[in-house]
Amino acid sequence: MESINPLVILMASVFTNNMILSNFLGMCSFIAVSGEIKTSLGLGQAVTFVLGATSIINYLLYHYVLVPYSLEYLRFIVFIITIAAFVQLVEMVVERYTPTLYYSLGIFLPLITVNCAILGVSLFMIIRSYTLLQSFFFGIGSGLGWTLAIVSMAGIRKKIKNSPIPKGLQGPGITLIITGLMALAFIGFSGIVRIQ
Amino acid sequence: MSTIYTTVLIITSITTVLALLLTLANYFIADYGEKKIIINNDKEFLVEGGSSLLSSLISNKIFVPSACGGKGNCGYCKCKVSHGAGPILATELTYLTEDDQKHNIRLSCQVKVKDDMMIELPEELFNVRQYNAEISFSESVTPVIKHLRIEIDKNEEISFKAGQYIQLLAPAYPGNDEEVYRAYSICSSTSAKNYIELFIGYVKDGIVTTYVHMHLKPGDKVAFTGPYGEFYLRDTDNEVILVAVGTGMAPIRSILYEMKDKNIDRKTTFFFGARTKDDLFMLDEMAMFEQDLPNFTFIPTLSKPDVENWKGQVGRVTDMIDKYLDYKEDREAYLCGSGPMIKSTVKHLLNKGFVEDNIIYDSFD
């Protein structure tokens, strides 16, 4: 996989291999927090940051700790622990030193610990045997793609606020249906590049 | 075999390193130093920064009410923070009205002390203390309501206004793994300084009510904080209308004792609603009040009378208001009951010439 340009991976993970719209990962916070554009943008930024950082940390842990001892099967638990600890650490630092950033973004950080898109990125980069640089771009790209999806969803939900949606479908129901439609639209991008 | 050892070793070392990192970070990064909290421009004290405003206040013996234990899901711990709280957090929004937000009202359990702060608290709160006490008497007055007397430790006294409430602490017990506070109105006389009495109804799966009804017996030690609340008898000469259902009788009983003890002679009518005859209680005492207070009338009413020989009133308390009260101004009403009961009673009272400021209520829900 060394042949693929990291920038191609970046673009691909935004459009053709979008975490939400083609892998359906990270759905819980996607559905829960897509009510408002401002908050969803905040969460998107936080996800992107954590994705970029944890892809590097997990890459190093995997290749320099787990592989030498042939403990690859431990990656699930190790990745989860690292993500959780990293998010905690970031939250503390942000809260202490950049209060403004904390108020706009920090409150979403705990939500990210349980965002499966983060674990998904770490696992995909191993499965697709990316290099360190590729993994980093993949992480950032997936984050941007996730942000793109959640912000557009927030925009759509704002538009349909006054639409006569049947009672049983209001809230998560209609959001899932719209996600499906968005995923169909994103199929239009497929085939432009292949990264796996 | 060696795989198992390396697995355990690697996992342990990774988690240890991370745990160590977090502990160090917590020690060095989340260290905000000593901060000053100024209350009502008057009292001030130093606290270790970094924890929530609520817990900082409680550790300084200022018992801001809180029923959920600082999880941000009861909304009782609101207080005005005029300086040093930072922007409103998303976790507070559910409990702050637009008016609250405009006036810097915050949830003290969510706001962290990271700066010197200036806050405003009602003066009554400084009277609030934590009391250690012992159950001295417990009796079922109806199939679902218990009457408790709680004796305070010998060297302490409680002073409160008739109608105020306390927060009873239920410790962890089998089936409940955390400490919980719940609010209950005091039903005893303000002249009793070394004990309080409560009426506690049984609520299915209620944490504290289950504790009281299933686990608590005379001789047990309990703790509570108090007194709290704006629901107390106002010092005027107006005619008084009291309305309660079920355990809502508690603060009303305290108010009646207050009238009796202090010889307050105001025209008073007490409408008490219950479902069946079994749900009526304290009838002897009400008869005693009718004897001792020349202008007091007790009107119990049953919404579902189950016995043939019930000669009293039938209907809800709102029906009694329509039936007994004429349109008149300058009267005070004190209501205690469930949210919906309060809402409909207020509506009926407004139709009878009451003004909103003179309708004082305590709703339990």
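What's the center-to-center distance, using Cα atoms, between segment B:271-343 and segment B:50-110 in Å? Centre-to-centre distance over Cα atoms comes out at 38 Å.
Over 27 Å apart at the Cα level, from the set B:Lys204/B:Lys304; B:Lys193/B:Lys260; B:Lys78/B:Lys352, are B:Lys78/B:Lys352.
Approximating the spin labels as points 7 Å out from Cα along Cα→Cβ, the B:Tyr324-to-B:Glu34 distance works out to 6.0 nm.
Across segment A:6-187 the C-alpha pair distances fall into 5 Å bins from zero in the proportions 1, 9, 17, 19, 18, 15, 10, 6, 3, 1, 0, 0 percent. Our compactness index for segment B:133-177, the C-alpha radius of gyration over the empirical 2.2 N^0.38 Å, is 1.43. Listed by chain and number, the lysines placed with their C-alpha closer than 16 angstrom to that of B:Lys61 are B:Lys36, B:Lys43; residues fewer than eight positions away on the same chain are left out. Taking a point 7 Å out from the Cα of B:Thr7 in the direction of its Cβ, the residues of segment A:67-83 whose backbone N falls within less than 13 Å of it are A:70-78. The mean number of Cβ atoms from other chains found within 10 Å of a Cβ in peptide B:16-24 is 2, as a whole number. Oblate is the label for segment B:239-363, because the ratio a/c of its alpha-carbon gyration tensor axes (a ≥ b ≥ c) is 1.5 or higher and a/b is not greater than b/c.
Rounded to the nearest 500, the 222 nm mean residue ellipticity of chain B from helices alone is -7000 deg cm²/dmol, with -39,500 (n - 2.57) taken per DSSP H run of at least 4 residues. Size descriptor for the protein assembly as shown, Kirkwood hydrodynamic radius: 28.2 Å (Cα pairs only, one decimal). Pairing the Cα long axis of helix B:249-261 with the longest principal axis of chain B, what angle in degrees results, from 0 to 90 and rounded to the nearest 10? Value to nearest ten degrees: 60. Protection proxy ranking, highest mean first, for peptides B:247-259, B:160-172: B:247-259, B:160-172, where packing is the per-residue count of other beta-carbon atoms within 10 Å, averaged. According to the Kirkwood relation over distinct C-alpha pairs, the hydrodynamic radius of chain B is 23.2 Å. Against the main long axis of the alpha-carbon atoms of chain B, helix B:283-292 sits at an angle near 60°.
Averaging the sequence gap over all C-alpha pairs within less than 8 Å and six or more residues apart, then dividing by the number of residues, gives segment B:34-125 a relative contact order of 42 percent. DSSP finds beta bridges in the protein assembly as shown, and of those with both partners inside it, around 60 percent are antiparallel. What percent of all Cα-Cα pairs in segment B:140-280 falls in each 10 Å bin, counting up from 0? P(r) over segment B:140-280, rounded to whole percents: 11, 39, 34, 13, 2, 0. Compared with the dominant principal axis of the Cα atoms in chain A, helix A:37-61 is inclined by about 10°. Can you bin segment B:4-78 into rounded, prolate or oblate? Criterion: square roots of the alpha carbon gyration tensor eigenvalues sorted a ≥ b ≥ c, rounded for a/c under 1.5, prolate for a/b above b/c, oblate for the rest. Note, shape of segment B:4-78 comes out oblate.
Taken along the Cα-to-beta-carbon direction at a fixed 7 Å, the label points for B:Asp42 and B:Lys217 span 4.6 nm.
Values quoted throughout were computed directly from the atomic coordinates according to the rules given, and no laboratory measurement underlies them. Computed from a predicted model, the values in this text were never measured in an experiment. With ideal geometry, Cβ positions are generated from the backbone for all residues, glycine too; neighbour counts draw on all protein chains shown.
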